[in-house]
Each structure stands twice: as structure tokens, then as C-alpha cells.
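The values are calculated or read from the model by the stated rules, or taken from the named source; none is laboratory data. The structure displayed is predicted, hence computed values, not measured ones. In this analysis, Cβ positions are derived from the backbone assuming ideal geometry, glycine residues included, and neighbour counts consider all displayed protein chains. Keep in mind that these areas ignore ligands, DNA and RNA; they rest on the heavy atoms of the full protein, side chains included. Shrake-Rupley method; radii C 1.70, N 1.55, O 1.52, S 1.80 Å.
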Amino acid sequence: MPSEGYIVPADPQAALKKKTAVSRSWILLDSSGEGTILDVDKYVIMHRVQIHARDLRILDPLLSYPSTILGREKAIVLNLEHIKAIITADEVLLRDPMDDNVIPIVEELRRRLPPASTAHQSQGEGKEQQSGHNEVEANEEDESPFEFRALEVALEAICSFLDARTTELETAAYPALDELTSKISSRNLDRVRKLKCAMTRLTARVQKVRDELEQLLDDDDDMADLYLSRKLAGSSSPVSGSGVPNWFPASPTIGSRISRASRASAVTTRGDENDVEELEMLLEAYFMQIDGTLNKLTTLREYIDDTEDYINIQLDNHRNQLIQLELFLSSGTVCISIYSLVAGIFGMNIPYTWNDNHGYMFKWVVIVTGVVCAALFILIISYARYKGLVGS
């Protein structure tokens, strides 16, 4: 029976089918792209990567924390939507590897984490050993640090994810808005309301990621904290006399990376500590991409606002038409009331002398009263048009 902190080798086929508990499930990917499923508690993770509990709490899926990229002494704590990872100089710990949104990221990390020199070595097995060694060394010098390759995969994944959600929202929103402008109904209004709520939530998510990248780009010290390989090179140089930290797992690639870091330490310790150009270019590329996504959402919001203004104008026009109709009806009611008053006077059953032998008066009373009421109605409408209360 395995203990509470057991380690199981990852099976890519079984990992895609089997769901495990999201609260304790991690996947560890080393520099060669090999994955290992970890079912451990937070204390094991904290001890392994040397971070504090408050940093690990940021990655808790039960807590709502904004998007964050934190540089620590030996790790990068990454919280970008569903991507919750801890990156060290030689490995990546990714939370909830069985999540549908995380599985593609795991596969991309497996593909891109192995250094380019590995492929060159496998292709050049038939060549001479010395020439192959020189080619590997040249590739090692040109490749990006491990933590930057992992960070790039995470940034690319979250930017692509948010851009895809934005495209889906645009595909649904623009036809719904056009339909609403052509026919204002409760169904169309409710549909647009839901789309606007979804757009507001998505805009907030994109804005958080953009703000985090902008904050990193504005602070060179924060970017320098993300250079884990540089700090590892300084700590493992011959001058310092320190070996491999005890929190790194045994791996055949670590010795070569430490050796390369030691060879480069003479350069990194003599003035390159504040050189963040490589990371700055990486962050700027994805900052522009996420900023473009935010611009799409801003354009969509403006289109929604314009549609709302157009609908309000339409509703105001309909309201004005109803007011005009009400004015016509009220004017007609007043005229008919006068006509009814005259008819009521002559219809009273009260005996009086001038009612006798004057039967012809009925015709003139009806005609004169009708003409007066019609003239009064025309006068009211003419006055309303003169004052601009009724359209011509």
C-alpha cells in the first residue's frame, strides 16, 4: 500500500483517460520532458521547491487569486487562470494535470522542454565524437534557459486560451447584436445581456494577465528574479564551492547544466545580473498578444455600447410616436365631449315652450355642433405642430 506521498511514473495514455483528485495532484516534468505524477500534500511541495506557504496558497484552486508571476530564490510561482505551476531551474511542477485545459499544456511542455541539443545528439550519433561534442556545446550556448522555455509555454497557452475565448465571444456577439437592432424582443435582449456579462468577466480575466505582464516589464528587479539558471550558476560556481542543491532530483541532465552554468558564471557574476533583455523580449511579445486580445474586447464593448445607443434612439422614437398618438386621441376626446355636452343638453326630458313646432332645429344643431368640434380639433393639432409637439 503506497504511503501518503507516493510517486507514480506518468503514463501519457492513462493520464488522458483517468481523472484524479485535483486538490493534491501534480505532474513533475524534468528538463528532458519526462513526466511523473505526484500525489503529495503541500508540505512536500514546499520542501521540494523551497517556497513559503503563502506562495503555494496562490496556486490553491479553491481560493480566488488574481493572475500572478512571482520570482523567488529557487522557483517561479505561476498562477495564470487554470495554469498553476512552479518552475525551477530544472523542473516544472504543474497542478491538476488531468484537467481538460491543462492536458494540452502538459503535452506542449513534453515537446518543448527538452533542449535543442538533445535532438542534435540523436541525429549525429554516426558522426565523430569530437565534432558532435562541439555542435552540442554551440547549441547549448544558444538555447534559452530551462525556466524561460517553460514560462514561454505557459504564456503562449494562456494567451492563446484567452484569445480563443474572445474569438468565440465575438462570433456569438456580433450576429446577436445585429439581430437585436433589426428586431427588439425580450429574447434578443436577454441573449445580448448574457453575452455582455460574459464579455465583462472575460475582459477582467484578460486585464489581470495584462496587468501582471506590464508590472513585470516595468520592474527590472522582478525580471531579474526570474533568472533561476543565472542564480544557480552563481551558487554552483567553483568560487562558491557549493554543489547541487538537495532539493533537485537526481537526473543525468543536471550535471551538464551545472557544468554549463559554472562555465558561464564568470560572465554572469561580472555585470550581467541586471541584464534582462532576453526575458524582456519574451514578455513583450506576449504582452502585445494579450493587449491585442484586450483591444478586441474593447472594440466589442464599444460595438455593444453603440448598439445600446441605437436601441435607445429607436425606443425614444417609438415613445414619441405614442405620445403623438395620445395627443390625437386626447384632442378627439375633448371635441367629442363638447359634442356630447350639446347632445345631452338637448336630450334632457324637461318641458319647455320653445321646443314646440321647431323640429327643423335638430338638423342645424347637429351640423353646427359637428363643424365647431371639427374646427376645434384642427385648431388643437395646428397649434401642436406649430410648437413642434407633433411631426409634420
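Conditions tested, residue by residue: (1) at pLDDT 90 or above; (2) open to solvent by less than 50 Å² (accessible area, probe 1.4 Å); (3) not charged (D, E, K, R).
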{"residue": "158", "(1), (2), (3)": "yes, yes, yes"}
{"residue": "165", "(1), (2), (3)": "yes, no, no"}
{"residue": "192", "(1), (2), (3)": "yes, yes, yes"}
{"residue": "198", "(1), (2), (3)": "yes, yes, yes"}
{"residue": "234", "(1), (2), (3)": "no, yes, yes"}
{"residue": "252", "(1), (2), (3)": "no, no, yes"}
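Looking across the stretch 189-216, just one residue is β-branched (Val, Ile, Thr) and touching a strand residue (DSSP E or B) at 6+ places or on another chain (Cβ under 7 Å), and that is 209.
Residues that are open to solvent by 40 Å² or more (accessible area, probe 1.4 Å), closer than 25 Å to residue 291 by Cα and either touching a strand residue (DSSP E or B) at 6+ places or on another chain (Cβ under 6 Å) or part of a helix (DSSP H, G or I) (or both) occur at least once in the stretch 174-181.
Within the stretch 227-241, residues that are closer than 20 Å to residue 275 by Cα reach partners that are open to solvent by less than 50 Å² (accessible area, probe 1.4 Å) and modelled with pLDDT of 65 or more with beta carbons closer than 6 Å, at six or more positions or on different chains, in the pairs 228/89; 228/147; 229/89; 229/145; 232/89.
Conditions tested, residue by residue: (1) modelled with pLDDT under 90; (2) in a loop (DSSP other than H, G, I, E, B); (3) in contact with a Phe, Trp or Tyr (Cβ under 7 Å, 6 or more places away or on another chain).
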site	(1), (2), (3)
56	yes, no, no
63	yes, yes, no
69	no, no, no
77	no, no, no
85	no, no, no
89	yes, yes, yes
99	yes, yes, no
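Considering only the stretch 35-67, state which residues are surrounded by fewer than 18 Cβ atoms within 10 Å (Cβ to Cβ), farther than 27 Å from residue 204 by Cβ and touching a residue at least 60 places away in the same chain (Cβ under 8 Å). 47, 50 - these are the residues of the stretch 35-67 that are surrounded by fewer than 18 Cβ atoms within 10 Å (Cβ to Cβ), farther than 27 Å from residue 204 by Cβ and touching a residue at least 60 places away in the same chain (Cβ under 8 Å). Restricting attention to the stretch 309-349, the residues that are touching a residue at least 40 places away in the same chain (Cβ under 8 Å) and of a type in the set (Phe, Trp, Tyr) total 2. Is it true that residue 108 is open to solvent by 10 Å² or more (accessible area, probe 1.4 Å), at pLDDT 85 or above and either at negative phi or out of contact with any strand residue (DSSP E or B) (no Cβ under 7 Å at 6 or more places or on another chain) (or both)? So residue 108 passes the test.
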